[in-house]
There are 2 protein chains.
Amino acid sequence: MIINNDKEENTEHNKQTAILHAAEEEFMEKGFDGAKTTAIAAKAGVTHAMLHYYYRTKANLFEQVFNEKISLMAQSFVSAFVEEDMPLCQKIQKMIENQFDFLNQNRDLPRFVVNELISKPERRELIIHKVKSMAKQILTRLQSEIDKHVEEGSFLPIRAIDLMVDIASINVFPFIALPIVMTIADSFYTTEDEFLMAKRTENVKVILNRILVNKS
Amino acid sequence: MIINNDKEENTEHNKQTAILHAAEEEFMEKGFDGAKTTAIAAKAGVTHAMLHYYYRTKANLFEQVFNEKISLMAQSFVSAFVEEDMPLCQKIQKMIENQFDFLNQNRDLPRFVVNELISKPERRELIIHKVKSMAKQILTRLQSEIDKHVEEGSFLPIRAIDLMVDIASINVFPFIALPIVMTIADSFYTTEDEFLMAKRTENVKVILNRILVNKS
DNA sequence: ACCTTTGATAACAAAATTGTTAAACATAAA
DNA sequence: TTTATGTTTAACAATTTTGTTATCAAAGGT
C-alpha cells in the first residue's frame with residue numbers, strides 16, 4: 001500500500017535480524033563505545049524504539065554480536081588444526097593456509113575481538129573458557145609430533161606455543177594493518193588482493209624455513 | 001595555605017601537563033570514544049572546566065596525544081633501520097631487536113594507533129605523510145642490499161616489503177595479543193616477561209632462517 | 001594603589017545518547 | 001465480533017557528556 005522507500009533492498013525478512021545485522025556492521029567498524037544505537041537503528045531502517053523493543057539494551061545487543069564473533073574466532077583457530085593423517089610438514093602448511101583463508105573472509109574480526117577484549121578486560125573470561133582447554137590439547141599433541149621430528153633430525157627444535165604464535169602473527173597482522181601497509185607497499189603491490197595472495201605463500205615459506213632442517 | 005589532598009603525589013608541576021598525561025593514559029586505554037573528558041579531568045585531579053580551559057575540545061586534546069604517538073610509532077620504524085656499516089645479516093638482526101625493544105616499552109601503542117586509524121579513516125593522511133617517503137627510501141635501499149646478497153648466493157630471494165611486514169608481524173602481534181596469548185601459554189611461560197624475552201630471540205631466528213641460505 | 005593577565009571554580013547550558021511508555025495497529029485465534 | 005498477542009510509532013524522560021560563562025583570586029607590572 002505504502003511505497004517502499006527504504007534505502008536498502010529488503011534481503012532481511014524481519015526487523016529483528018535487520019537490526020542484528022546492522023549492529024554487527026556498526027560494532028565491528030566502531031567498537032562498543034563508537035557505535036550508537038541510533039545509528040544502528042537508522043542503518044537497519046527502523047525506529048530506535050524497535051531496537052530496544054527487541055534487544056532491550058545496547059549491551060545486550062552487543063553481547064549477541066560479540067558472542068558470535070568470539071565463537072567464530074575460536075573455531076577458526078581450532079579447526080585450522082588439521083586432523084588428516086599427512087606428514088607434519090604438510091599439515092602445518094595446511095594449517096597456515098586454512099587460517100589465512102579464514103582471516104581473509106573475516107578481515108576485521110581479529111582487530112575487533114582483540115580490542116574489545118583489551119578495553120573491557122572482564123570479557124576475557126569468555127574467550128578463555130571457549131579456547132583454553134582445546135588449545136592446550138592441540139598444543140601438547142603438536143609438541144610431541146614436533147619432538148619426534150626433532151629426534152629424527154628433520155625438524156629444528158621449537159616450542160609448539162612459539163610456533164603457533166609465529167603463525168598467528170604473520171597471518172593476523174597483515175589484515176590488522178592492511179590500510180597502513182598498503183600506503184607503503186603500493187609501489188610493490190597495486191591491489192590489496194595481490195599483496196595478500198603473495199603474503200599467503202610467503203607465510204608458508206617463513207614458517208617452513210623456521211622449522212625444517214633442509215630447505216626446499 | 002590549603003592542604004594538598006590530591007590522590008596522587010604531584011610529580012606534575014602544572015595542571016596543563018597533568019591533564020595531558022591523564023588524557024594520554026585514558027585515550028590509550030579506551031580510545032577516543034571510550035575516553036570521557038570528565039574521567040580525564042578526575043584522573044588529573046582538576047575540574048573538567050580546566051580541561052576545556054587549556055584544550056578547548058576533546059578532539060583537540062586527543063589530537064595532541066595522537067600526534068605524539070604517531071610520531072613515536074613512525075620514528076621507531078625508521079630509526080630501527082640501522083645505519084652502521086655491518087653485515088646485512090647482523091643489521092637485520094639489530095633492526096628486529098631494536099623494534100622489539102621499542103615495542104616492549106610502548107606495549108599498547110600499535111593497537112591504539114591501528115585502531116584510531118581504522119575507525120576514523122580521515123586520520124590516515126597523518127601517518128601517510130609522516131612515514132611514506134622515508135619508508136620508501138629505506139625499502140629501496142634495503143632491496144638493493146638484499147639483491148646483492150642473493151646474487152652472491154648467501155640470501156634467499158625476498159621482497160624488501162615482505163621482509164619488513166614479516167618483521168613487523170612477529171614483533172607487533174605478541175604485544176597486541178599478549179593477554180590472550182598468556183592465558184593459553186601459561187603452562188609454557190609463567191610470566192609475560194619470560195614469554196616476551198623468548199619471543200625476542202625467536203623472532204630473530206624466524207627471520208634469519210627465512211633469508212639465509214645456510215642455517216646457523 | 002590600579003590595572004591586566006592568567007589560573008581556577010561552580011554553576012549552567014546544550015547536545016547527544018540511551019532507555020521508556022502509552023497508544024495505535026495488525027493479525028490470528030476464540 | 002471480540003479478544004489476545006505481538007509489533008510499531010511518536011513522544012517523552014533520564015542520563016551522560018561536552019562545552020560555556022560569570023565570577024573570583026592571585027600575581028606582576030605600571
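Selection of helices (runs of 4 or more DSSP H) fully inside segment A:16-85 by the criterion of at least 1 residues being within 13 Å of DNA strand D (Cβ to nearest atom) and of a type in the set (Ser, Thr, Tyr) returns A:37-44, A:48-55. If we scan segment B:14-32, do we find a residue that is within 14 Å of DNA strand C (Cβ to nearest atom) and open to solvent by 70 Å² or more (accessible area, probe 1.4 Å)? Yes; the residues of segment B:14-32 include at least one that is within 14 Å of DNA strand C (Cβ to nearest atom) and open to solvent by 70 Å² or more (accessible area, probe 1.4 Å). Kindly indicate whether any position in segment A:147-162 is within 30 Å of B:GLU29 (Cα to Cα), out of contact with any Pro (no Cβ under 9 Å at 6 or more places or on another chain) and open to solvent by less than 60 Å² (accessible area, probe 1.4 Å). Yes, that holds for at least one residue. Reported count of residues in segment B:186-200, each being facing chain A (nearest Cβ under 10 Å), surrounded by fewer than 19 Cβ atoms within 10 Å (Cβ to Cβ) and modelled with pLDDT of 95 or more, is 1.
Please determine whether any residue of segment B:151-159 is within 21 Å of the chain's Cα centre (by Cα), farther than 12 Å from A:PHE188 by Cβ and among the hydroxyl-bearing types (Ser, Thr, Tyr). Scanning segment B:151-159, I find no residue that is within 21 Å of the chain's Cα centre (by Cα), farther than 12 Å from A:PHE188 by Cβ and among the hydroxyl-bearing types (Ser, Thr, Tyr), so the answer is no.
Can you name the residue in segment A:89-143 that is more than 10 Å from every other protein chain (Cβ to nearest Cβ) and outside any helix (DSSP H, G or I) and, of all such residues, is most open to solvent (accessible area, probe 1.4 Å)? Here the residue is A:ARG107. B:SER79 fulfils the conditions (1) open to solvent by less than 60 Å² (accessible area, probe 1.4 Å); (2) away from DNA strand C (no atom under 16 Å from the Cβ) except for a single criterion, (1).
Screening the candidates B:ALA44, B:ALA35, B:ALA49, B:ALA39 for the property of being within 14 Å of chain A (Cβ to nearest Cβ), within 16 Å of DNA strand C (Cβ to nearest atom) and more than 23 Å from the chain's Cα centre (by Cα) yields one hit, B:ALA39.
The values are calculated or read from the model by the stated rules, or taken from the named source; none is laboratory data. This structure is a prediction, so every number in the text was calculated from the model and none was measured. Cβ atoms come from the backbone with ideal geometry, glycine included; neighbour counts cover every protein chain shown. These area figures cover heavy atoms from the full protein model, side chains too; ligands, DNA and RNA do not enter into them. Shrake-Rupley method; radii C 1.70, N 1.55, O 1.52, S 1.80 Å.
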